[in-house]
1. I need the P(r) histogram for the chain: all alpha carbon pairs, bin width 10 Å from 0 out to the longest distance, whole percents.
2. With +1 on each Lys and Arg Cβ and -1 on each Asp and Glu Cβ, how big is the dipole of the chain about its Cα centre, in debye rounded to the nearest 20?
3. If the chain between ILE30 and CYS5 were fully stretched, how many nm would it gain, using 0.36 nm times the residue separation less the Cα-Cα distance?
4. Taking 30 Å as R0, compute the FRET efficiency from the Cβ-Cβ separation of ASP55 and GLU21 and round it to 0.05.
Amino acid sequence: MIVDCVVRQENFEDDVELLLEKLDITNYNIPHDRHNTDRTEPDYRKYYTEPEWVDYIYNVSQFEINKFGYKF
């Protein structure tokens, strides 16, 4: 992975702040809207019930899961 900075959604505000500092950008406002969704099930994993899709997502995301310490 050849990058200088990674902005992760779960750390968006902090990661963007570090990125802007690295780029020497000041006085810049990036709006970050949170959208409320009315889901009947709060655990996103329960929406993925088809085993072939779960296996597929797990396999294609293996690098990110390992690199960033995600649990799948």
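1. 14, 33, 33, 17, 3
2. Details: 8 positive and 16 negative charges, 39 e Å.
In debye, rounded to 20, the chain gives about 180.
3. Working: separation 25, 0.36 × 25 = 9.00 nm, distance 1.68 nm.
Gain in length upon complete extension: 7.3 nm.
4. Working: r = 40 Å, r/R0 = 1.33.
Plugging the Cβ-Cβ distance into 1/(1 + (r/R0)^6) gives 0.15.
FYI, it's all coordinate maths here, none of it is from the lab. Only a predicted model underlies this, so the values are computations on that prediction, with no experimental measurement involved. All Cβ positions, even for glycine, are placed from backbone atoms using ideal geometry, and neighbour counts span all protein chains on display.
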